[in-house]
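Report on one structure; see the data block that follows.
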Amino acid sequence: MSKLWILTVLLTLAGCIATTDNPKPNKASDDDAALYNTQLGVQYMRQGKLERAMEKFQRALEQDPNRADTNQAIAVLYERIGEVDKADEHYRRALRLEKDSPEILNAYGAFLCNQGRRKEGQVYFERAALTPLYSTPAAAFTNAGVCARADNRPEDAEQYFRRALAVDPRFVEALLQMASLTYEQGYYLQTRAFVERFLQTTSATPDVLWMGFLSEREMGNREAAARYASQLKNEFPESVQTRRLLEMESNAG
């Protein structure tokens with residue numbers, strides 16, 4: 001797996017602020033105008049309406065500059081549009097307001113890692129993971145591992161992934177990361193074990209089927225490799241992994 005793919009996990013696992021499930025929050029029922037504008041801004045950002053989202057976040061900060069969730073939300077938006085300094089400023093402001101928020105710690109760690117400040121990012125991931133009331137510490141440990149792996153520190157990455165699995169043995173992102181990491185290290189039996197654990201936990205994905213195919217092929221288990229290849233082509237015919245497989249088969253022929 002490429003490092004580019006690995007880093008996208010951070011974007012998936014970093015999360016954003018808590019929002020209402022209602023795409024149009026009811027202003028009449030919400031006395032806090034800043035909260036209302038923050039929620040609305042998040043909805044606009046999810047819809048790709050970034051200019052409207054920025055207007056709502058800025059309005060919310062005018063109404064209440066001391067909302068940590070608003071500062072985090074606008075930081076995510078600034079990061080998305082490439083205004084890194086402003087993103088950093090608002091992440092830090094959010095943390096000054098809620099220094100022990102695991103969601104903000106995790107999001108800021110992801111930001112730092114994506115900016116190449118990986119060892120700094122790991123500090124925030126660890127703080128998030130060790131927050132007593134955090135409901136998903138495995139996500140923060142996995143993010144720390146992804147960050148270490150992108151920094152070419154596979155031993156550190158493995159320790160973080162194993163810590164993630166210690167608190168949640170069914171955390172699929174950590175299982176997939178361990179499958180990929182052990183494959184790169186040449187420990188194909190371990191790769192098989194992590195692939196099987198993944199498939200016992202959730203539905204197949206192109207990534208895990210590809211890992212299964214590659215590891216079984218390396219061990220000379222043609223039948224198992226063929227089963228993974230067949231499942232990959234049948235269930236995910238348009239995936240990047242299937243294209244790689246077809247190219248491999250074409251070159252072999």
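Rule-based calculations on the coordinates, nothing more; no lab input. All values reported here derive from a predicted model rather than from experimental measurement. All Cβ positions, glycine included, derive from the backbone under ideal geometry; neighbour counts span all protein chains shown.
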| task | May I ask you to compute the full-extension gain from residue 196 to residue 249, defined as 0.36 nm times their residue separation minus their alpha-carbon distance, rounded to one decimal in nm? | result | 16.7 nm
| message | Using the Cα centre of the chain as origin and beta-carbon charges of +1 (Lys, Arg) and -1 (Asp, Glu), tell me which of 107, 78, 150 is placed farthest towards the positive end of the dipole. | response | 150
| Which of 66, 94, 161 sits closest to the plus end of the dipole of the chain, meaning its Cα is farthest towards the positive end, when Lys and Arg get +1 and Asp and Glu get -1 on the C-beta? | 161
| query | How much length is gained on full extension from residue 222 to residue 46, taking 0.36 nm per residue of separation minus their Cα-Cα distance? | reply | 58.9 nm
| query | Taking springs between alpha-carbon atoms closer than 10 angstrom, which of 235, 126, 173 fluctuates most in the Gaussian network model of the chain? | reply | 235
| Taking the chain as a Gaussian network, Cα atoms linked when under 10 Å apart, which of 226, 139, 87 shows the biggest mean-square fluctuation? | 226
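How large is the helix-only mean residue ellipticity at 222 nm for the chain, computed as the sum of -39500 (n - 2.57) over DSSP H runs with n ≥ 4, divided by its residue count, in deg cm²/dmol to the nearest 500? Working shown, then result.
Details: 14 runs with 188 residues, N = 253.
Taken over the chain, the calculation gives -23500 deg cm²/dmol.
With +1 on each Lys and Arg Cβ and -1 on each Asp and Glu Cβ, and nothing else charged, work out how big the dipole of segment 132-253 is about its Cα centre, in Debye to the nearest 20. Provide the component values of the computation, followed by the final result.
Numbers: 13 positive and 16 negative charges, 34 e Å.
Dipole of segment 132-253, to the nearest 20 debye: 160 debye.
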| remark: The ³J(HN,Hα) series, computed from each phi in segment 236-250 with the Karplus coefficients 6.51, -1.76 and 1.60 at θ = phi - 60°, rounded to the nearest Hz and given as x for glycine or proline, is 9, x, 9, 6, 4, 5, 5, 4, 5, 4, 5, 5, 5, 5, 5
| query | Assigning unit charges at the beta carbon (Lys, Arg +1; Asp, Glu -1) and nothing else, what dipole magnitude in debye, to the nearest 20, does the chain show about its Cα centre? | reply | 180
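Would you mind counting up the charge near residue 54? Only other residues with Cβ under 12 Å from its Cβ, with Lys and Arg at +1 and Asp and Glu at -1. Intermediate values should be presented prior to the final figure.
On the way: positive: 49, 52, 56, 59, 80, 86; negative: 51, 55, 83.
Residues near residue 54 contribute +3 overall.
For 97, 105, which order do you get if you count the other beta carbons within 10 Å of each Cβ and list the fewest first? Could you put the intermediate results ahead of the total?
Details: 97 17, 105 26.
Neighbour counts put them in this order, fewest first: 97, 105.
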| remark: Heads up, the chain by the C-alpha gyration tensor (a ≥ b ≥ c square roots of eigenvalues; a/c under 1.5 rounded, else a/b over b/c prolate, else oblate) looks prolate
